[in-house]
1. Residues that are under 21 Å from the mean Cα position of the chain (by Cα) and either under 28 Å from residue 29 (Cα atoms) or not aromatic (Phe, Trp, Tyr) (or both), at least 3 per element: which strands (runs of 3 or more DSSP E) completely within the range 169-263 meet that?
2. Consider only pairs whose beta carbons are under 6 Å apart and that are at least six residues apart or on different chains; among these, list those whose first residue lies in the range 90-107 and is open to solvent by 10 Å² or more (accessible area, probe 1.4 Å) and whose second residue is of a type in the set (Asp, Glu) and in a helix (DSSP H, G or I).
3. Suppose the filter is touching a Leu at 6+ places or on another chain (Cβ under 9 Å) and farther than 27 Å from residue 165 by Cα; does residue 356 pass it?
4. Of all residues in the range 201-251, which are small (Gly, Ala, Ser), open to solvent by less than 20 Å² (accessible area, probe 1.4 Å) and in contact with a strand residue (DSSP E or B) (Cβ under 8 Å, 6 or more places away or on another chain)?
5. Quick check on the range 336-350: of everything there that is open to solvent by 30 Å² or more (accessible area, probe 1.4 Å) and in a loop (DSSP other than H, G, I, E, B), which residue is nearest to residue 7 (Cα to Cα)?
6. Report, by residue number, each residue of the range 51-64 that is closer than 16 Å to residue 193 by Cβ and either open to solvent by 10 Å² or more (accessible area, probe 1.4 Å) or of a type in the set (A, V, I, L, M, F, W, C) (or both).
7. Look at the range 145-168 and say how many of its residues are open to solvent by less than 50 Å² (accessible area, probe 1.4 Å) and part of a helix (DSSP H, G or I).
8. Restricting to the range 332-359, name every residue that is of a type in the set (A, V, I, L, M, F, W, C) and over 24 Å from the mean Cα position of the chain (by Cα).
Amino acid sequence: MTIPFLDIQASYKELKTEIDAAVQRVLDSGWYILGGEVDAFEHDYAQYCGTSHCVSLANGLDALHLALRAMGVGAGDEVIVPSNTYIATWLAVSQCGAVPVPVEPVEASYNLDPAQIEAAITPRTKVILPVHLYGQPADLAPILAIAKKHGLRVLEDGAQSHGARYQGQRLGGHGDAVAWSFYPGKNLGALGDGGAVTTNDPELADRIRVLRNYGSRVKYVNEVQGYNSRLDPLQAAALCVKLKYLDAWNARRTEVARRYTANLENSGLILPKVPEGMEAAWHLYVVRAEDREALQAKLTVAGVGSLIHYPIPPHLQQAYADAGFTAGQFPLAEIMAKQVLSLPMGPHLSAEQQQAVIQAITA
């Protein structure tokens, strides 16, 4: 049995009739930029997240970047980011001309440690940018309290956490805004790239809408130097279909996570834990192993796909070689990069496939 890390095509096959009809509707409409399909998805996703506004964009990186721009982040500003995250979080800050200021994670959750944030705040700090990594919500209450105390804004990176809940409320409107990615492998994945920002701030939403469309709200009248970052109507139509199934698919992911935890508790691996008051979306099931390479090799031989999220922390990437960071500066992020391994996870992973993964680990 060959077990893929994620069967992306399975989600299309399950909803083929509905998705094909939605795509055909767009093709027949003759409207291929913004329009009714995009409006419908923005309405539905804002309602799902419990927010007043959703502004759809071309991808998740643009969602982060334009949200920061709309918050007034520019050259010389600083944004607090996790040391342990995908590099897109940092790139969005750098694209604004600002400086990413890394803060180490809480070891148990992999997410930004609120206890270390205040020590990183300077007069140049503008935004705190927590990431809900692997689908597990960051601890927002203390982060929001720190932001309020220091007059900072909070932009959440929700790229991996569609449908996750913090203190009973779906992510989407706890802070000033949440940036989302609809990359095909996400819990809510498009048929290509896509992104969005949800917020309860009408002025922030308006600024992002202007920025995404060349800085214009009236054709050929450009208020600011904007960008071209618009969600394709074909993607919006497919996302509207998939959104109806997101909770059910997340429930399947939760069951997969439950089986992993129940069967691997004595495996010697460090397993993920969900703190009280949080409901994970289980985008990934990430374990830690002291000899990660040996474990991954063992799985490969058994026909089991696995991935590393992420093998190089941002501060050690070549892209930030001129930023002055050194090895050992953020030790927890570096340890995680050497130990983490993501096991097969998704709403279409069968119990039989999962049992084969478990047996390959515990044999």
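1. Numbers: elements: 177-181, 195-199, 216-218.
Result: 177-181, 195-199.
2. No pair meets every condition.
3. Details: touching a Leu at 6+ places or on another chain (Cβ under 9 Å): no; farther than 27 Å from residue 165 by Cα: yes.
It is false that residue 356 is touching a Leu at 6+ places or on another chain (Cβ under 9 Å) and farther than 27 Å from residue 165 by Cα.
4. Step one: filter the range 201-251 for residues small (Gly, Ala, Ser), giving 205, 215-216, 226, 229, 236-238, 248, 251.
Then drop every residue that is not open to solvent by less than 20 Å² (accessible area, probe 1.4 Å), which leaves 205, 215-216, 229, 236-238.
Selection gives 205, 215, 216, 229, 236.
5. Step one: of the range 336-350, the residues open to solvent by 30 Å² or more (accessible area, probe 1.4 Å) are 338-339, 348, 350.
Within this subset, residues satisfying the condition of being in a loop (DSSP other than H, G, I, E, B) are 348, 350.
On the way: 348: 7, 350: 11 Å.
Checked the range 336-350; the qualifying residue nearest to residue 7 (Cα to Cα) is 348.
6. Applying the first criterion (closer than 16 Å to residue 193 by Cβ) to the range 51-64 yields 55-64.
Once the filter is applied, which keeps residues that are closer than 16 Å to residue 193 by Cβ and either open to solvent by 10 Å² or more (accessible area, probe 1.4 Å) or of a type in the set (A, V, I, L, M, F, W, C) (or both), the range 51-64 yields 55, 57, 58, 59, 60, 61, 62, 63, 64.
7. At the first step, the residues of the range 145-168 found to be open to solvent by less than 50 Å² (accessible area, probe 1.4 Å) are 146-147, 152, 154-164, 166.
Now narrow it down to the ones that are part of a helix (DSSP H, G or I): 146-147.
The total comes to 2.
8. Our first condition is that a residue be of a type in the set (A, V, I, L, M, F, W, C); within the range 332-359, this holds for 332-333, 335-337, 340-341, 343, 345, 349, 351, 356-358.
351, 356, 357, 358, listed by residue number.
The values are calculated or read from the model by the stated rules, or taken from the named source; none is laboratory data. Note that this is a predicted model, so its numbers are computed, not measured. When we count neighbours, we look across all protein chains shown, and the Cβ atoms used for this are built from the backbone with ideal geometry, even at glycine. In case anyone asks, the SASA skips ligands and DNA or RNA and just uses the protein heavy atoms, side chains included. Shrake-Rupley method; radii C 1.70, N 1.55, O 1.52, S 1.80 Å.
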